[in-house]
Amino acid sequence: MSANINRFQSKKILMVVANPSVSTTLGWPVGFWASELTHAWSEFHEAGHEVVVASPRGGRVELDALSDPRDASGYSADDVLSMGFLNTPRLAALFEDTSGISGPRAADFDALYVAGGQSPMFTFRSDAGLLALIREFYEGGKATALVCHGTCAPLEVKLADGTPLIRGRQMTGFANSEEDYADKVVGKKVMPFRIEDEARLPGANFVTAPARVPRPPPVAQAVAGAEVVFLTVPADVAVQAAGAAGNLSGKILVDCTNPVKFDAGGPVLAPPAEGSVPSALMAAYPGLRVVKAFNGFGAEFHLDPNVAGKPADMFMAGDDPDAKKVVGTLADRAGYKAIDAGPAPNAAHLEAMAVIWIHLAVKGSMGRHFTFQMTQRG
């Protein structure tokens, strides 16, 4: 797998785990859950990203006993990835002397990942440094992820205007049903509070599903928790798809579609009556913040937006400058070079450019690994 690492897209990720503590409900030592660090670390590493492991106070960190594949209970004995991690000296050493979080800043990283375990439930909500770090990453537009019991931390995070981070947002975490199961296995109350109950108090939309049943959320439910929505459907159903997405008020809709049909000669531009897909969307839903973007190249470039050692140019058009700024930032962080191609009417020209790209790829023997690039003389 390492041979396929795309170093061009390499990011720097801060992974935070809890420091050792003692359960106030059971009296036993608690730490972080092994697989929630080791499995994520492995995925990040294989993707070519740089990872820094830290903890709120720094220093040595400990695993929750049940998450340790070497534990006599055998609870996590099948976690061979964590076993390999722990038996690789240079990796096991990461737990011996973690960085504290007082030094790292969001500006130095591309993403924040916070692991769970039992200790977070006794330490995270009162850790002012961790809460400030989460807020800094989130308000800085950085990818911010928390898993399992680590999701107790944002319960106390407030944004710059004083509103709770999770208010009005969709989230999940260790659910009441899971706490019920844990309490039943142990025979007493394990945790001092429940994340699901606490998250709903400030107005979070805490979603759950039956145990061990994968269930993708309905489109409208997924959109409800999003700030940016990508429309990646056939162009002739774009308006209907946007309507089925629920309330898009205030959200940015990135239109990646291309109105194209094929005849004997190859691809032909087939715009809607309004002139372009964004124009049709805005006619159907006045006030919609539409940005035409990511439509001028093949899907392969999302995996590797690299053209001859340089970022692929990503042209976009729209009337909302703030929306274009957000989309441009997303494109830049994904490895593209965002280029503002002007107001919404210019979306029609981007769609026409896409038809040329499709023609060259399909009929012109160019293949799919090329893009249109801006080159300045001198």
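Read-outs throughout are calculated quantities, based only on the coordinates presented, and are distinct from any laboratory measurement. Please read all numbers here as calculations on a predicted model, not as lab measurements. Don't worry about glycine lacking a Cβ; one is built from the backbone with ideal geometry, like all the others, and counts go over all protein chains shown.
With contacts taken as Cα pairs under 8 Å and at least 6 residues apart, the stretch 222-362 reaches a relative contact order of 23 percent. Using θ = phi - 60° in the Karplus curve 6.51 cos²θ - 1.76 cosθ + 1.60, the 3J(HN,Hα) couplings for the stretch 178-194 round to 6, 5, 4, 5, 4, 4, 5, 5, 7, x, 7, 5, 8, 9, x, 7, 10 Hz; x is entered for Gly and Pro. Potential lengthening of the chain between D180 and R377 amounts to 64.2 nm, from the contour at 0.36 nm per residue minus the alpha-carbon distance. Placing pseudo-labels 7 Å out from each Cα toward the beta carbon at L26 and E227 gives an inter-label distance of 3.7 nm.
For G173, no residue 5 or more places off, or on another chain, has a built amide H under 5 Å of its own. Cα-based radius of gyration for the stretch 222-362, normalised by 2.2 N^0.38 Å, reads 1.01. Highest mobility in the GNM of the chain, judged by mean-square fluctuation with C-alpha springs under 10 Å and restricted to Q221, Q240, Q118, is found for Q240. When the chain is treated as a GNM with alpha-carbon contacts under 10 Å, the residue of A352, A77, A312 showing the greatest mean-square fluctuation is A77. Helix 128-139 axis versus longest C-alpha principal axis of the chain: approximately 10°, rounded to the nearest ten. For the stretch 2-215, the Kirkwood estimate of the hydrodynamic radius, built from every pair of different alpha carbons, is 17.9 Å.
Segment S249..H349, full-extension length gain: 33.4 nm, with 0.36 nm per residue of separation and the alpha-carbon distance subtracted.
The phi torsions of the stretch 323-333, fed into the Karplus equation with coefficients 6.51, -1.76 and 1.60 and a -60° offset, translate into couplings of 5, 5, 5, 5, 5, x, 5, 4, 5, 4, 5 Hz, rounded to whole numbers, with Gly and Pro shown as x. Each Lys and Arg Cβ is given +1 and each Asp and Glu Cβ -1; about its Cα centre, the chain then shows a dipole of about 460 debye. Of the residues G298, A106, G275, the one whose Cα sits farthest towards the positive end of the charge dipole of the chain is G275 (charges of +1 on Lys and Arg Cβ, -1 on Asp and Glu Cβ, taken about the Cα centre). The simple Förster model, with R0 at 35 Å and r as the Cβ-Cβ distance, assigns A209 and D340 a FRET efficiency of 0.30.
Rounded to the nearest 20, the size of the Cβ-charge dipole of the stretch 2-215 about its Cα centre is 360 debye, with Lys and Arg at +1 and Asp and Glu at -1. For the chain, the relative contact order is 11 percent, taking Cα pairs closer than 8 Å that sit 6 or more residues apart in sequence and dividing their mean separation by the residue count. If one takes the longest principal axis of the Cα atoms in the chain, at what angle in degrees, from 0 to 90 and to the nearest 10, does the Cα axis of helix 34-46 lie? So the inclination is approximately 30 degrees.
Here's how it looks for M314: its modeled amide H is under 5 Å from those of K337, A338, I339, which are all 5 or more places away or on a different chain. For the chain, the mean residue ellipticity at 222 nm estimated from helices alone is -8000 deg cm²/dmol, where every DSSP H run of n ≥ 4 contributes -39500 (n - 2.57) and the total is divided by all residues, rounded to the nearest 500.
Take the Cα of I356, step 7 Å toward its Cβ, do the same at D78, and the gap between the two points is 5.6 nm. Among (i) 34.3; (ii) 18.1; (iii) 22.6, find the value of mean projected area of the Cα convex hull in nm² that was calculated from the structure presented, and write down its label. Step by step, mean projected area of the Cα convex hull in nm² for this structure corresponds to label (iii). To the nearest 0.05, what FRET efficiency results for A241 and D304 with a Förster distance of 22 Å applied to their C-beta separation? Working from the Cβ atoms, E equals 0.20. Between V51 and I13, the built amide H atoms are under 5 Å apart, and every one of these is 5 or more places off in sequence or on another chain.
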